[in-house]
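Working notes, beginning with the structure itself.
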Amino acid sequence: MSLQTYHFLHLIGLILVFIGFGGLLSSEGAKRAMKWHGIGLIISLVSGFGMLAKMSKGLPEGAPSLYTQHWVLVKFALWLVLGFLPVLAKRRVLAAPLVVLIAAVIGAVLGYIGYFKPVF
């Protein structure tokens, strides 16, 4: 698959993740929305690693692997946080609107890191 296809799938996965977060605000559809959240997490993880593999093929020989870059590790850690946030809302550790706000901020940070690939 092309890099653009992986990128498109990654965005679709993230849209599904945030559909799940929107479902947290609904008392009726929260369980169904969490299914979309989980499907979106899987799609974004697989397509993200697919993009890394595709981008790694263009690196010169002897260059450090993209899998060990700090921006990749930070994105993976924030992906884990996005996966865990609905648990905090379900167990009423945090209010659902606050969880959605935190998810939106994390999503913005993930977008920034993915686009600019900063060096930490």
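The values are calculated or read from the model by the stated rules, or taken from the named source; none is laboratory data. All values reported here derive from a predicted model rather than from experimental measurement. Quick reminder, even Gly has a Cβ in these numbers, built from the backbone with ideal geometry, and neighbours come from all protein chains shown. Please note that ligands, DNA and RNA were not included when accessible areas were found on the heavy atoms of the full protein model with its side chains. Shrake-Rupley method; radii C 1.70, N 1.55, O 1.52, S 1.80 Å.
Some notes on this structure:
- Condition check for residue 114: within 12 Å of the chain's Cα centre (by Cα), at pLDDT below 95 and small (Gly, Ala, Ser): yes
- Output for the stretch 1-53, where each listed residue is free of Cβ contacts under 8 Å to residues at least 24 places away in the same chain, within 16 Å of residue 86 (Cβ to Cβ) and among the polar types (S, T, N, Q): 26, 27
- Residue 103 under 12 Å from residue 20 (Cβ atoms), open to solvent by less than 30 Å² (accessible area, probe 1.4 Å) and at pLDDT 95 or above: yes
- Residue within the stretch 66-81 that is among the small types (Gly, Ala, Ser), under 15 Å from the mean Cα position of the chain (by Cα), open to solvent by less than 90 Å² (accessible area, probe 1.4 Å) and closer than 25 Å to residue 99 by Cα present: yes
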